[in-house]
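The values are calculated or read from the model by the stated rules, or taken from the named source; none is laboratory data. What you are looking at is a predicted structure, and each value in this text was computed from that prediction instead of being measured. As a convention, Cβ positions derive from the backbone with ideal geometry for all residues, glycine included, and neighbour counts pool all protein chains shown.
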Amino acid sequence: MLPQDAVVMKSALNTNVLVLNRLWQAVNICTARRALCLVFQGQAHVVHHKDNEFSTLDFKSWCDFSTQHPEETDAVSTISLKIRIPKVILLAFFDRLPRKEVKFTRHNIFERDKHQCQYCGRILDRRELNLDHVIPRDRNGTTTWENIVCSCIECNTRKGNRTPKEAHMRLLRTPRRPRWRPFLMISHTRQPDETWRRFLDPTLWDVELGEQLSAN
Ligand SMILES: [Zn+2]
């Protein structure tokens with residue numbers, strides 16, 4: 001193996017792989033290295049997507065599949081085998097959803113509001129957006145999920161220190177604590193892989209948690 005092969009292999013092994021629980025719900029993202037380990041240990045299967053059908057393959061089947069389809073480039077090679085990098089894996093045993101709280105952060109508010117000014121509806125770059133207290137702070141407006149929205153600088157300036165009603169401005173939607181878990185954010189921050197998209201469909205994703213998420 002040439003040194004540059006090692007570099008390629010290393011980066012291939014760091015590719016992101018979507019992890020599904022036993023119920024086919026997306027629960028995490030891990031590196032290809034970790035994914036292949038889990039598949040090798042029999043703790044997960046590779047999910048293969050072809051012609052709108054999904055099949056699951058164990059390590060041996062995945063190795064065979066990789067050998068039969070050598071034209072693909074997203075593979076890592078060892079002396080004895082060539083194995084493709086999976087895009088999605090399905091855990092064999094884990095059937096829970098992770099209990100991750102959505103933290104009340106600037107970043108997460110932008111994600112919740114999809115970088116869209118909640119007054120005029122424009123979708124803008126983060127630099128052109130502010131966070132607005134719907135009820136102004138000095139009018140006892142709280143710094144919470146329910147009172148903070150993404151706003152463009154113009155709307156923010158126009159609204160000034162007034163309530164939306166006073167400023168004759170309407171919110172596109174009532175701000176709420178997000179129901180999603182943090183890894184859903186990958187669907188907004190980068191283009192998900194075609195195979196991932198199936199599992200990241202927001203309608204499939206929007207599972208209400210039985211517990212209240214705390215804003216800290
Ligand atoms: Zn605006």
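Numbers at a glance
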{"read-out": "Residue within the range 165-183 that is at pLDDT below 95, aromatic (Phe, Trp, Tyr) and on the phi < 0 side of the Ramachandran plot present", "value": "yes"}
{"read-out": "Residue list for the range 140-168, restricted to those being aliphatic (A, V, I, L, M) and near the ligand (Cβ under 9 Å from one of its atoms)", "value": "153"}
{"read-out": "Number of the condition not met by residue 215 [criteria: (1) surrounded by 11 or more Cβ atoms within 10 Å (Cβ to Cβ); (2) at pLDDT below 75; (3) under 30 Å from residue 17 (Cβ atoms)]", "value": "(3)"}
{"read-out": "Members of the range 119-131 found to be touching a helix residue (DSSP H, G or I) at 6+ places or on another chain (Cβ under 8 Å) and either within 9 Å of the ligand (Cβ to nearest atom) or in a helix (DSSP H, G or I) (or both), listed by number", "value": "119, 120, 126, 128, 129"}
{"read-out": "Test result for residue 81, modelled with pLDDT under 85 and either over 22 Å from the mean Cα position of the chain (by Cα) or assigned by TED's automatic domain parsing to the domain that holds residue 150 (or both)", "value": "yes"}
{"read-out": "Test: residue in the range 44-54 that is assigned to a loop (DSSP other than H, G, I, E, B), free of Cβ contacts under 8 Å to residues at least 40 places away in the same chain and within 25 Å of the chain's Cα centre (by Cα)", "value": "yes"}
{"read-out": "Selected residue [of a type in the set (Asp, Glu) and at pLDDT 95 or above] from 101, 111, 154", "value": "154"}
{"read-out": "Close pairs (9 angstrom Cβ cut-off, 6 or more residues apart or separate chains): over 17 Å from residue 112 (Cβ atoms) and in the same structural domain as residue 128 (by TED's automatic domain parsing) in the range 145-167, in a helix (DSSP H, G or I) and more than 15 Å from the ligand (Cβ to nearest atom) anywhere", "value": "161/137; 161/138; 161/139; 162/139; 163/139"}
